[in-house]
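Data first, discussion second: the structure below is written as structure tokens.
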Amino acid sequence: MRTQVAIIGAGPAGLLLGRLLSLQGIDTVILERRSADYVLGRIRAGVLDRASLVALREAECDQRMKAEGLFHDGFDIVAGERRFHIDLKGLTGEQVIVYGQTEVTHDLMEARRAEGTPTFYEAEALDVSGIEDGPVEIVYEHGGARHTLSCDYVAGCDGFYGVASKAIPADLRRTFERVYPFGWLGLFADVEPCSHELIYANHTNGFALASMRSHTRSRYYIQCPIDIDLADWPDERVWDELAIRLGPQAAANMKRAPAIEKSVAPLRSFVAEPMRHGRLFLAGDAAHIVPPTGAKGLNLASADVLALARALTAQIREGTSTLIDTYSANRLAEIWKVERFSWWMTMLLHRFSDREDFNARIQMAELDYLAGSRAAQLALAENYVGLPLAG
């Protein structure tokens with residue numbers, strides 16, 4: 001089998017890239033090691049910023065998002081006894097939209113199915129070769145047999161553990177990582193949210209977040225040790241802790257119900273350089289991971305895909321290599337800005353020690369400054385809604 005662009009990974013990054021290229025008349029094949037039901041069942045991010053909104057609009061897959069998504073003008077921060085508002089729209093003129101990654105994936109899957117372009121699920125890529133000179137060949141396993149997919153270019157959208165990034169020679173690849181000493185315990189429940197916008201909280205017990213996926217479905221998180229046993233955290237204990245950390249106003253409006261999903265996620269910052277080697281390009285979690293505090297994971301992947309789709313289109317349709325030649329350097333310059341923002345939000349809102357130490361006092365001073373400074377709020381807001389996209 002042969003195609004112009006092979007895409008490894010059918011998460012939102014891979015599906016979005018496939019859709020954008022298809023609209024330009026470029027042939028693609030997507031290989032995904034998991035089943036379609038598994039991909040759709042993953043509960044992930046829910047806040048979409050500028051990059052995702054632009055990407056979904058260009059992919060002509062934003063109709064349901066605009067009809068069903070929740071447009072947010074800002075969010076609240078709780079620090080000690082104080083609760084204050086970050087007016088995203090007033091500060092930047094921009095909004096964010098709460099629309100779950102599962103819904104984004106569903107919309108992109110439906111668009112790909114309607115256009116008839118091939119996606120092979122339960123097809124695990126095992127090896128990628130020929131990326132220096134071409135043609136690229138991907139050996140994959142599907143239906144109990146091994147197959148080969150030949151292509152001109154390959155996009156690795158297969159995540160942190162995927163095969164694509166490992167195809168870059170080890171002596172050329174550099175990685176940068178910070179692993180945080182805690183995780184997020186997430187609780188998903190079919191209840192009305194306690195606030196119409198998100199609430200981020202810095203409490204002596206640790207960080208908490210009140211989020212949502214719809215007017216009737218809520219998503220909550222609390223900071224926790226990474227090695228906790230979920231059996232020690234029944235639903236009621238999580239609800240009690242949320243009520244404490246999010247403050248009395250949120251607690252008074254909080255509806256409780258049994259969790260429909262509960263899990264612990266580790267937090268890490270990670271970047272791999274370069275994002276291009278020969279005919280191989282990385283996008284999304286294959287190249288970078290951010291802690292979820294700034295709601296940037298899916299949005300950063302969307303920005304990658306927008307840039308990569310334009311670069312591949314220019315090369316394949318016009319023979320112009322400038323954009324693919326500068327893809328890695330240009331994206332990494334933007335990615336490190338987003339990594340900085342996500343790290344800053346994480347450092348600002350989480351507890352790193354049980355003691356009232358120097359770091360905790362610095363956090364309180366910065367939160368106090370943020371509460372009273374329009375300039376500080378503007379810096380936060382412009383990063384949260386998404387920095388302007390190159391080009």
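Across segment 215-274, what is the total count of residues that are in a loop (DSSP other than H, G, I, E, B) and either of a type in the set (D, E, K, R) or touching a Pro at 6+ places or on another chain (Cβ under 7 Å) (or both)?
Of the residues in that region, 6 qualify.
Taken over segment 342-355, the criterion of being among the charged types (D, E, K, R) and in contact (Cβ under 8 Å) with a residue 40 or more places away in the chain is satisfied by Arg351 alone.
Could you please give the count of residues in segment 180-204 that are in a strand (DSSP E or B), touching a strand residue (DSSP E or B) at 6+ places or on another chain (Cβ under 7 Å) and of a type outside the set (A, V, I, L, M, F, W, C)?
5
For Asp368, the requirement of being assigned to a helix (DSSP H, G or I) and of a type outside the set (A, V, I, L, M) is met. Are any residues in segment 340-374 within 23 Å of the chain's Cα centre (by Cα), farther than 18 Å from Tyr221 by Cα and not aromatic (Phe, Trp, Tyr), and if so, which ones? Within segment 340-374, Arg340 is the sole residue that qualifies.
Out of Glu177, Glu124, which single residue is crowded, with 16+ Cβ neighbours inside 10 Å, touching a strand residue (DSSP E or B) at 6+ places or on another chain (Cβ under 6 Å), acidic (Asp, Glu) and assigned to a strand (DSSP E or B)?
Checking each option against the conditions leaves just Glu124.
A search for C-beta distances below 7 Å between a residue of segment 212-231 that is farther than 14 Å from Leu187 by Cα and any residue that is part of a helix (DSSP H, G or I), counting only pairs 6+ apart in sequence or on different chains, returns nothing.
State yes or no: is Ala379 of a type outside the set (Asp, Glu), at pLDDT below 95 and in a helix (DSSP H, G or I)?
When the stated conditions are applied, Ala379 does not pass them.
The values are calculated or read from the model by the stated rules, or taken from the named source; none is laboratory data. Because the structure is a prediction, the values reported are computed rather than measured. Cβ coordinates were reconstructed from backbone atoms using ideal geometry, including for glycine residues, and neighbour counts include every protein chain displayed.
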